């Protein structure tokens, strides 16, 4: 597993790299926000660990540029900015997880491995594939959207939608019952499985981002107060 650590604190760089390499991970380093986008493309990591307070370019700006450039690598933000507002900003820019400093190395390792497993580009394992096929193979298209039974990717027509992992899970869950409300609690459990430290309202950020990503399709996500969300055809 290859990680890119974007962090300007040299002491933290060294200690974190040593600790993660002892746990079987390969770690590349970058300490400058201006150079990080190029390093991200060159290194092609499995996951990025991103500090927000970087010289040259703020971490949130860097993340926004990376997502705009089509880089879909999962990102865990590591920062001393621990307010709810900062977490929401990070998620809104395309981060997949958030761990405030100081953090426990065992927790960081667990989050890294869990996120890489969920976003592995090779798709589901052989043991997972039959379950996914069984769930989706008989599902018809909905307004041109369909879920591929092998990979779980969502297509609009013949084109796959380029979605980050959390938005992809959310869309698949909504498409499992088009036109029917799905409780916010269930959506949260699907999108943030076992992540007790994530704020409950974070699901609203993921819904907001997904709405923008599927705005070009003939569907819309509707908020039903007290019930949850549903996906339906645009009027």
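The values are calculated or read from the model by the stated rules, or taken from the named source; none is laboratory data. All figures in this text were calculated on a predicted structure; none of them were measured in a lab. Counting neighbours? That spans all protein chains shown, and the Cβs are built from the backbone with ideal geometry, glycine included.
When 38, 15 are screened for being out of contact with any helix residue (DSSP H, G or I) (no Cβ under 8 Å at 6 or more places or on another chain), free of Cβ contacts under 8 Å to residues at least 12 places away in the same chain and under 29 Å from residue 212 (Cα atoms), only 38 passes.
Picking from 47, 60, 105, 89, which residue would you name as being closer than 23 Å to residue 197 by Cβ and touching a strand residue (DSSP E or B) at 6+ places or on another chain (Cβ under 7 Å)? Spell out the reasoning first.
Values: 60 fails: touching a strand residue (DSSP E or B) at 6+ places or on another chain (Cβ under 7 Å); 105 fails: touching a strand residue (DSSP E or B) at 6+ places or on another chain (Cβ under 7 Å); 89 fails: touching a strand residue (DSSP E or B) at 6+ places or on another chain (Cβ under 7 Å).
One residue alone meets the criteria, 47.
Confirm whether residue 230 is crowded, with 17+ Cβ neighbours inside 10 Å and under 22 Å from residue 88 (Cβ atoms). It is false that residue 230 is crowded, with 17+ Cβ neighbours inside 10 Å and under 22 Å from residue 88 (Cβ atoms).
I'd like to check which helices (runs of 4 or more DSSP H) are fully inside the stretch 24-110 and have at least 3 residues that are crowded, with 17+ Cβ neighbours inside 10 Å and at pLDDT 85 or above. Spell out how you get there, then give the answer.
Details: elements: 33-43, 59-68, 84-92.
The qualifying helices (runs of 4 or more DSSP H) are 33-43, 59-68.
In the stretch 146-182, the residue that is surrounded by the fewest Cβ atoms within 10 Å (Cβ to Cβ) out of those that are part of a strand (DSSP E or B) and touching a strand residue (DSSP E or B) at 6+ places or on another chain (Cβ under 6 Å) is 155.
Here are 169, 205: which of them is within 24 Å of residue 97 (Cα to Cα) and touching a residue at least 60 places away in the same chain (Cβ under 8 Å)? Outline the logic, then answer.
Values: 169 fails: touching a residue at least 60 places away in the same chain (Cβ under 8 Å).
Exactly one residue qualifies, and that residue is 205.
Residues of the stretch 53-68 that are more than 23 Å from residue 1 (Cα to Cα) and either touching a residue at least 12 places away in the same chain (Cβ under 8 Å) or assigned by TED's automatic domain parsing to the domain that holds residue 212 (or both): 53, 54, 55, 56, 57, 58, 60, 61, 64, 65. Assessment of the stretch 190-211 against the conditions (surrounded by 15 or more Cβ atoms within 10 Å (Cβ to Cβ), more than 16 Å from residue 166 (Cβ to Cβ), outside the structural domain of residue 76 (by TED's automatic domain parsing) and modelled with pLDDT of 90 or more) yields no matching residue.
Being at pLDDT below 95, under 15 Å from the mean Cα position of the chain (by Cα) and either part of a helix (DSSP H, G or I) or not assigned by TED's automatic domain parsing to the domain that holds residue 98 (or both) is a condition met by no residue of the stretch 216-235. Residues in the stretch 187-212 that are in contact with a helix residue (DSSP H, G or I) (Cβ under 8 Å, 6 or more places away or on another chain), assigned to a helix (DSSP H, G or I) and under 18 Å from residue 88 (Cβ atoms): 187, 188, 191, 202, 203, 205, 206, 207, 208, 209, 210. Could you tell me whether residue 223 is surrounded by 13 or more Cβ atoms within 10 Å (Cβ to Cβ), touching a residue at least 60 places away in the same chain (Cβ under 8 Å) and farther than 20 Å from residue 107 by Cβ? Here the answer is no, as residue 223 does not meet what is asked. Looking only at residues of the stretch 5-23 that are outside any helix (DSSP H, G or I) and closer than 21 Å to residue 106 by Cβ, we find that the one that is modelled with the lowest pLDDT is 23.
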